[in-house]
Amino acid sequence: GIQVEQSPPDLILQEGANSTLRCNFSDSVNNLQWFHQNPWGQLINLFYIPSGTKQNGRLSATTVATERYSLLYISSSQTTDSGVYFCAVTSGTYKYIFGTGTRLKVLA
Amino acid sequence: DVKVTQSSRYLVKRTGEKVFLECVQDMDHENMFWYRQDPGLGLRLIYFSYDVKMKEKGDIPEGYSVSREKKERFSLILESASTNQTSMYLCASRARLGGVNTQYFGPGTRLTVL
């Protein structure tokens with residue numbers, strides 16, 4: 001089955017810094033989503049992005065499907081950005097494969 | 001906005017009890033999912049329902065059953081709770097397979113089995 005790897009596993013930033021999170025997947029996909037899991041455990045949908053580039057405020061994401069990776073950019077980070085970021089993919093079926101996540105801590 | 005709600009944020013039960021976790025979505029989505037999340041193991045799919053009364057086993061269905069009598073509601077049942085079912089349980093919903101099918105999650109239920 002598809003393997004999904006995320007890097008880095010942990011990231012500590014000072015408030016205001018920028019960061020790039022990466023998601024690599026081992027086969028072609030038809031669905032890719034980025035989620036943020038907040039400290040209370042809820043997964044918040046950030047982007048549905050099987051290909052191309054999207055932006056939403058300080059966050060943007062790019063997926064290069066032919067090279068099997070996706071990037072999540074966080075600019076001018078804030079303490080509320082802390083949490084775990086997951087990417088999840090599907091490949092022709094209902095089943096989502098989740099990466100192991102990047103744990104982000106933003107310091108004030 | 002899509003709203004997925006779960007019946008409890010925190011739940012404490014005793015070994016052997018029958019436990020019901022309820023999930024309701026308000027977007028008329030066909031697909032609904034139950035996951036559990038454990039440290040070091042990530043999110044694992046327990047069961048999936050692709051429509052009313054339709055279900056498929058996920059990766060770890062043992063010890064669980066599900067019920068989907070109405071489109072908006074998907075219930076996870078622990079027939080006889082055990083301590084190894086202590087976990088975070090997450091429900092999600094999605095429009096049918098194909099097209100833009102974003103998955104939306106509920107707030108989660110932290111279940112402790114004593």
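Read-outs throughout are calculated quantities, based only on the coordinates presented, and are distinct from any laboratory measurement. The structure presented is a predicted model; accordingly, all values stated were derived computationally and were not measured. Ideal geometry is used to build each Cβ from the backbone, glycine not excepted, and the neighbour counts take in all protein chains shown.
A few points about this structure:
- Potential lengthening between B:Lys53 and B:Glu79 on full extension [0.36 nm per residue; Cα-Cα distance subtracted]: 7.5 nm
- Backbone amide hydrogens, once placed in the peptide plane, bring B:Arg110 within less than 5 Å of B:Tyr10, B:Leu11, B:Tyr89, excluding anything fewer than 5 places away on its chain.
- For region B:45-114, trypsin sites (Lys or Arg not before Pro) meeting the loop criterion (DSSP other than H, G, I, E, B) and having at most 11 other Cβ atoms within 10 Å: B:Lys53.
- Rough spin-label spacing in nm, given labels placed 7 Å along Cα→Cβ, for B:Ile60 and A:Arg58: 3.3 nm
- When you restrict to C-alpha pairs under 8 Å that are six or more residues apart and normalise by the size of chain B, the relative contact order lands at 36 percent.
- ³J(HN,Hα) computed for each position of region A:16-30 - Karplus, 6.51 cos²θ - 1.76 cosθ + 1.60, integer Hz, glycine/proline x: x, 6, 9, 8, 10, 10, 10, 10, 9, 10, 8, 8, 5, 10, 10
- Rounded FRET efficiency, nearest 0.05, which uses the C-beta distance separating A:Thr20 from A:Leu107 and R0 of 25 Å: 0.85
- Each Lys and Arg Cβ is given +1 and each Asp and Glu Cβ -1; about its Cα centre, chain B then shows a dipole of about 160 debye.
- Listed peptides A:74-86, B:24-36 by packing density, highest first (mean Cβ within 10 Å): B:24-36, A:74-86
- Under Karplus coefficients 6.51, -1.76 and 1.60, residue-wise ³J(HN,Hα) of region B:29-41 in Hz, glycine/proline x: 6, 6, 9, 9, 9, 10, 10, 10, 10, 10, x, x, 10
- In loop segments of region A:1-87 as defined by DSSP, the GluC sites (Glu not before Pro) with at most 13 further C-beta atoms inside 10 Å of their C-beta are A:Glu15.
- Binned Cα-Cα distance frequencies in region B:19-90 - 10 Å width, integer %: 20, 55, 23, 2
- Pairs from A:Lys105/B:Lys13; B:Lys18/B:Lys70; A:Lys95/B:Lys70 whose Cα-Cα separation, in the structure shown, is over 30 Å: A:Lys105/B:Lys13
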